[in-house]
Amino acid sequence: MNTSVETKMEAAVENTLLARQGLKILMSELALQNRHLQMVRKQNAALLRSDRKGFTAMHDAHVELVGELAIQNKIRLNFFADRKTADVIQGWPDAEQKAAVRIMDELKAVVTDVVRINEQNGKLVGAQIKFIDFMLNLLVGTYRKGSTYGPHGACSINRANLFFNSAA
C-alpha cells in the first residue's frame, strides 16, 4: 500500500514539475512576443512619420528577434511533442492549467496584435516603395525626354525657355 501511494505522489510531483517547466516555456514565449509587439509598434510609428532611417535602423534588431522567436518555437514544439498545448495541459494540476490558459490567452492577443500591425506595416512599406518607384520613373523618364531639370535637379534654362517660348 505504501508503494502505490509513494508512486502516485512521485507521479504527481513529476507532473507538477513538468507543468511548471511548460509554464516557463509559455512565459518565455509571451515575453518574446511582447518584445516583438513593441518592436513592430516602433516600426509602425517610424513608417507613419516616414522615418526611413529609423525604420531601417530597427531592421537588424527585428531580424535577431525573429530568430529568437524561431528558437523559442522549436523549444515549445519539442516540449509539447507537436501536440496542441491545450491537449497537453489537460493532465496538469489545476493551478498550472489555469495559469497556462491565462498565458495562452495573453499570447493569442499579443500575436493577433503583432499580425495586425505587421500587415499595416507591409502596406505602409508597399506605399513607400510605390512612391519611390514613381519618383525614380519620373526622374529617369523626364530626363530621357529632355526634361526642364537635369540629372542633378538643376533647371536647364535653355529647355525652360524653349517651353515658355513655345507656349507664348
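The values are calculated or read from the model by the stated rules, or taken from the named source; none is laboratory data. What you are looking at is a predicted structure, and each value in this text was computed from that prediction instead of being measured. Cβ atoms come from the backbone with ideal geometry, glycine included; neighbour counts cover every protein chain shown. Heavy atoms of the whole protein, side chains included, go into the accessibility calculation; ligands, DNA and RNA do not. Shrake-Rupley method; radii C 1.70, N 1.55, O 1.52, S 1.80 Å.
Table for the structure above
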quantity: Index of the failed condition, Ala61 passing every other in (1) at positive phi; (2) part of a helix (DSSP H, G or I); calculated: (1)
quantity: Residue under evaluation Ser50, criteria (1) polar (S, T, N, Q); (2) part of a helix (DSSP H, G or I); (3) in contact (Cβ under 8 Å) with a residue 24 or more places away in the chain, criterion not met; calculated: (2)
quantity: Subset tally (residues that are loosely packed, with under 13 Cβ neighbours inside 10 Å and modelled with pLDDT of 90 or more) for the range 79-100; calculated: 3
quantity: Some residue of the range 26-33 being in contact with a Ser or Thr (Cβ under 8 Å, 6 or more places away or on another chain), under 27 Å from Glu119 (Cα atoms) and assigned to a helix (DSSP H, G or I); calculated: yes
quantity: Options Glu29, Glu64, Glu68; residue that is open to solvent by 70 Å² or more (accessible area, probe 1.4 Å) and not basic (Lys, Arg); calculated: Glu64
quantity: Filter result for the condition that a residue is open to solvent by 50 Å² or more (accessible area, probe 1.4 Å) and either modelled with pLDDT of 95 or more or under 23 Å from Ser28 (Cα atoms) (or both), over Arg41, Arg52; calculated: Arg41
quantity: Restricting the range 106-143 to residues that are under 24 Å from Leu48 (Cβ atoms) and among the small types (Gly, Ala, Ser), the residue that is least open to solvent (accessible area, probe 1.4 Å); calculated: Gly126
